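The values are calculated or read from the model by the stated rules, or taken from the named source; none is laboratory data. Computed from a prediction, not measured in an experiment: that's the story for all the values here. Cβ placement follows ideal geometry from the backbone for every residue including glycine, while neighbour counts extend to all protein chains displayed. Just so you know, the surface numbers come from the protein's heavy atoms only, side chains and all, with ligands and any DNA or RNA stripped out. Shrake-Rupley method; radii C 1.70, N 1.55, O 1.52, S 1.80 Å.
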Amino acid sequence: MSLWNKIKGKFQKNPIEKLTIRDLEGEKIRLKSKLDRVKKDIKSLDKQKKQLFKEGIGADKLTKKMLAQDIKSIEMEMRLKYKSFQTYQKQFNFVNNLVIVKKYEKELKNIGMWSKINSIQPELLESKLSDIILDGKEFDQTVEGLNKVFEMRIDEFDEEVDSAEKKLFDAWGQAESGSMEADEIVSNLNLDADGEEEEDDEELFKRLEKENQ
């Protein structure tokens with residue numbers, strides 16, 4: 001059983017009480033290593049996608065269609081990597097916030113917040129502690145952040161329809177007309193049907209990457 005599963009198991013059986021700061025700090029290091037590895041993979045895939053796009057500029061239609069398939073495959077792999085990144089990031093935030101909560105255990109007990117934390121359903125507390133940032137804040141700000149744990153949030157996800165090939169041909173047309181540089185075009189290239197979900201994933205990745213530098 002991984003340390004993450006052990007931590008999660010202890011947390012669900014007896015929230016926070018049995019967890020040690022030492023174990024939590026060790027798990028933070030492990031998750032940070034995973035985050036760094038996924039970010040490196042995403043950057044490598046992005047580099048491959050840009051190179052394939054450049055190969056299509058000025059190429060014949062058949063070559064472009066073959067390159068389009070390769071680019072779509074890379075795009076799918078990148079999306080899976082983004083999802084993995086989000087999962088690891090949520091786990092990292094959860095563990096990091098548990099460390100902070102444990103460090104403030106005495107103070108939180110003094111103001112009655114500790115009993116609230118222990119009384120909330122473990123699954124809900126895990127979800128909420130994964131979505132807030134407590135690091136680098138003073139105690140009062142930490143308490144304010146913990147209060148958000150008791151606020152409900154609903155996420156909505158839209159279904160996507162593939163229109164990647166058409167968008168790639170449009171993008172190649174822009175590059176071939178000279179209206180935009182190839183690097184700029186491929187950096188903004190979005191193969192989603194409606195252009196919304198991919199943009200959200202990329203913006204989230206950029207924000208989380210900045211937070212973990």
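For the reader, a short list of remarks on this structure follows.
- Which listed residue is open to solvent by less than 20 Å² (accessible area, probe 1.4 Å) and modelled with pLDDT of 95 or more, from 38, 101: 38
- The residue that is nearest to residue 87 (Cα to Cα), among those in the stretch 104-129 that are open to solvent by 50 Å² or more (accessible area, probe 1.4 Å), in contact (Cβ under 8 Å) with a residue 24 or more places away in the chain and in a loop (DSSP other than H, G, I, E, B), is 104.
- Among the candidates 84, 73, the residue that is touching a helix residue (DSSP H, G or I) at 6+ places or on another chain (Cβ under 8 Å) and surrounded by fewer than 19 Cβ atoms within 10 Å (Cβ to Cβ) is uniquely 84.
- Residues that are open to solvent by 70 Å² or more (accessible area, probe 1.4 Å), part of a loop (DSSP other than H, G, I, E, B), in contact (Cβ under 8 Å) with a residue 24 or more places away in the chain and not aliphatic (A, V, I, L, M) do occur in the stretch 16-24.
- Subset of the stretch 130-144 [part of a helix (DSSP H, G or I) and farther than 17 Å from residue 107 by Cβ]: 130, 131
- The stretch 162-184, subset free of Cβ contacts under 8 Å to residues at least 60 places away in the same chain and assigned to a helix (DSSP H, G or I), residue least open to solvent (accessible area, probe 1.4 Å): 173
- Sole exception among (1) open to solvent by 10 Å² or more (accessible area, probe 1.4 Å); (2) closer than 30 Å to residue 23 by Cβ for residue 67, by number: (2)
- So residue 31, is it free of Cβ contacts under 8 Å to residues at least 24 places away in the same chain, assigned to a helix (DSSP H, G or I) and either open to solvent by less than 40 Å² (accessible area, probe 1.4 Å) or at positive phi (or both): no
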